[in-house]
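The values are calculated or read from the model by the stated rules, or taken from the named source; none is laboratory data. Bear in mind that the values here come from a model prediction, so they are computed numbers and not experimental data. In this analysis, Cβ positions are derived from the backbone assuming ideal geometry, glycine residues included, and neighbour counts consider all displayed protein chains. Just the protein is used for accessible areas: all its heavy atoms, side chains included, with ligands, DNA and RNA removed. Shrake-Rupley method; radii C 1.70, N 1.55, O 1.52, S 1.80 Å.
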Amino acid sequence: MKPLSIRFRGSFAWLALLVHMAVVPAYAQDTLVRLHTSQGPIDFRLLDGEAPISVGNFLGYVRAGDYSDVFFHRSVRNFVVQGGGFRWAANSSTCCQSVTSRGQIQNEFSAARSNVRGTVAMAKVGSNPNSATSQWFVNLADNSANLDNQNGGFTVFARVTTPGMAVVDRIAALPTVDAGGVYAELPVAGWTPGTVIQRQNLALIERVTVLPPRAQQTDADRIFD
């Protein structure tokens, strides 16, 4: 009877685990990251199970510190704000350095993850669906009719939490300046026209950190969806 008793208790353990998994929302198991920006914190809820290649790629840059001192280099009102490509190091008097590519990744677009407001998607080169590297953008509006239907569709791999979108909107509301090339729609803060753009004028991502699981979060890093 003892072996039966052990199996019986084991079945209860599995049952408890299954009940726990059913009760805990799927999103609670997703990785959470915080972008510490000059305009305030932006929290991304990564879609680990839905876009594993894109999430793994993003986290590779995060954990290597590649997104420290990166700035939002493109802002198009009612469309997107874009970052992940260029940095201005804190100890440098001149801009800008490109984020070193870790290689192109396979496109993971799915119609189940549409480019609606508040989603984060990988940027890529035109006419090449599998060309995403380090750059990404936040959708400021419902761009599904456009971005879901060109270049193989743009892969959504994260969603911005509600407080984070308030910060994204703050960045999107900044005036933009044509600084040439990829900086033709550069958002700036506290800049006087006719003067040289300084590091403090940029919408900077000072660093990106991976947050603890929800159950282990403190009030300091609490996420609200």
### Task
State yes or no: is residue 111 at pLDDT below 95 and open to solvent by 30 Å² or more (accessible area, probe 1.4 Å)?
no
### Task
Could you please find all residues in region 80-128 being within 16 Å of the chain's Cα centre (by Cα) and aromatic (Phe, Trp, Tyr)?
86, 109
### Query
Any idea which residue in region 121-173 is most open to solvent (accessible area, probe 1.4 Å), counting only those that are hydroxyl-bearing (Ser, Thr, Tyr) and assigned to a loop (DSSP other than H, G, I, E, B)?
127
### Query
Does region 29-43 contain at least one residue that is of a type in the set (Asp, Glu), under 27 Å from residue 141 (Cβ atoms) and either open to solvent by 50 Å² or more (accessible area, probe 1.4 Å) or at pLDDT 95 or above (or both)?
yes
### Query
Which residues, taken from region 51-106, are surrounded by 19 or more Cβ atoms within 10 Å (Cβ to Cβ), of a type in the set (A, V, I, L, M) and assigned to a helix (DSSP H, G or I)?
55, 62
#### Entry: Residues being open to solvent by less than 60 Å² (accessible area, probe 1.4 Å) and touching a residue at least 60 places away in the same chain (Cβ under 8 Å) - total across region 185-196
3
